[in-house]
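The values are calculated or read from the model by the stated rules, or taken from the named source; none is laboratory data. If you're wondering where the values come from, they're calculated on a predicted model, not measured in any experiment. With ideal geometry, Cβ positions are generated from the backbone for all residues, glycine too; neighbour counts draw on all protein chains shown.
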Amino acid sequence: MLVVGSITFLLIHVTPGDPAAVMLGSEATPAQVARLRQQLGLNDPLLVQYPNWLLDVVRLDFGESFFLDRPVRAAIRDRVVPTLQLTVYASLVALAISIPAGIIAALKRNSLIDRTLMLLALAGSAIADFFLGILLILLFAVTLRWLPSGGYIPILDDPIGHVRSMLLPSLALGVSIAGLPARLIRSTMLDVLHEDYIRTAYAKGLAPATIATTHALRNALLPAVTVFGATIGDLLGGAIVVETVFSLPGMGQLVVNSIDRRDFPVIQGVVMVSAAAYLLVNLLTDVLYLYLDPRLRHVRR
């Protein structure tokens, strides 16, 4: 968190652009710009601004937005729900694609089905999520007119409308991250299927589907869980662009608008919250290992 915050603080302050000049417009005089910079505390040296900002962050105070005239925490709180929903939905899409694809490809090794699924997984990983989103808009919104091209409807206001508004961005993000876990599950499944306990399960007469889903999949998921936890960071980063493509009022759109306006406190606040979420997901991934692999709960200390 300290490294991320320090780099972000340095980058946004060395990037060209003056928030005071943006706020006052092109007709403002240099004296007016200098006066506003003084009010915003931008004239202080970075060696003074940085410790003050860091102390505020420790108190969970991200400051006041230059343009929104409200605390940064309030701005993030209003925008975090669509981003969290998009992240959860995209994760479900990725799981629904990667796990069955990896299992089927492993069970049908070197067959046409295997090669087709892995080719699609590779293609899904290669295509940019924002470009896939544009293609989905052209197909389902413009050509077929089945789904809206953008916008956001809260789930409590209209559950069906909410699902319709979130389906395309969730597909765009979910498909883009499903390829790597699918390929990894296939690879680990192939290794697990040659273990002695799998042969024993076959010798007992268990159904192949039961062996694959009950005995093999749990062990095959261990490496995939690590990769999938790391891809949550990709979801948070991809959400910035995808939310802009689909006009979702989430944190991605908030930070893009803040960059355009040089709203330093909002940029720093969003980056710190995103970094905290990424670290939390990685912690939960490590904890999930204890559930998936009981042997870790009995390791001698």
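Right, residue 77: more than 25 Å from residue 150 (Cβ to Cβ) and either among the charged types (D, E, K, R) or crowded, with 20+ Cβ neighbours inside 10 Å (or both) or not? Reasoning before the result, please.
Values: more than 25 Å from residue 150 (Cβ to Cβ): no; either among the charged types (D, E, K, R) or crowded, with 20+ Cβ neighbours inside 10 Å (or both): yes.
For residue 77, the condition - more than 25 Å from residue 150 (Cβ to Cβ) and either among the charged types (D, E, K, R) or crowded, with 20+ Cβ neighbours inside 10 Å (or both) - is not met.
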From 92, 135, 84, residue being surrounded by fewer than 16 Cβ atoms within 10 Å (Cβ to Cβ), under 26 Å from residue 255 (Cα atoms), modelled with pLDDT under 90 and not basic (Lys, Arg): 84
Residue within the range 155-172 that is within 27 Å of residue 121 (Cβ to Cβ), crowded, with 22+ Cβ neighbours inside 10 Å and at pLDDT below 85 present: no
Residues of the range 138-154 classified as part of a helix (DSSP H, G or I) and surrounded by fewer than 15 Cβ atoms within 10 Å (Cβ to Cβ), total: 4
Flag if residue 25 is loosely packed, with under 12 Cβ neighbours inside 10 Å and of a type outside the set (Val, Ile, Thr): yes
Filter result for residue 99 (in the same structural domain as residue 183 (by TED's automatic domain parsing) and at pLDDT below 90): yes
Residue tally, condition modelled with pLDDT of 85 or more and either acidic (Asp, Glu) or farther than 17 Å from residue 1 by Cβ (or both), over the range 266-288: 1
Complete set of residues in the range 39-53 that are touching a helix residue (DSSP H, G or I) at 6+ places or on another chain (Cβ under 7 Å) and over 14 Å from residue 19 (Cβ atoms): 46, 50, 53
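One line per residue, one yes/no per condition, for (1) in the same structural domain as residue 278 (by TED's automatic domain parsing); (2) of a type in the set (Asp, Glu); (3) assigned to a helix (DSSP H, G or I); (4) buried (at least 22 other Cβ atoms within 10 Å of the Cβ):
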residue	(1), (2), (3), (4)
186	yes, no, yes, yes
199	yes, no, yes, no
215	yes, no, yes, no
244	yes, no, yes, no
249	yes, no, no, no
Conditions (1) under 17 Å from the mean Cα position of the chain (by Cα); (2) surrounded by fewer than 24 Cβ atoms within 10 Å (Cβ to Cβ); (3) not hydroxyl-bearing (Ser, Thr, Tyr); number of the one not met by residue 221: (1)
The range 1-17, subset at pLDDT 85 or above, among the aliphatic types (A, V, I, L, M) and part of a helix (DSSP H, G or I), residue farthest from the chain's Cα centre (by Cα): 10
Index of the failed condition, residue 110 passing every other in (1) farther than 21 Å from residue 230 by Cα; (2) modelled with pLDDT of 90 or more: (2)
Selected residue [in a helix (DSSP H, G or I), over 28 Å from the mean Cα position of the chain (by Cα), of a type outside the set (Lys, Arg) and more than 27 Å from residue 275 (Cα to Cα)] from 20, 105: 20
Residue satisfying all of: in the range 68-117; among the polar types (S, T, N, Q) and in contact (Cβ under 8 Å) with a residue 40 or more places away in the chain; nearest to residue 180 (Cα to Cα) among these: 98
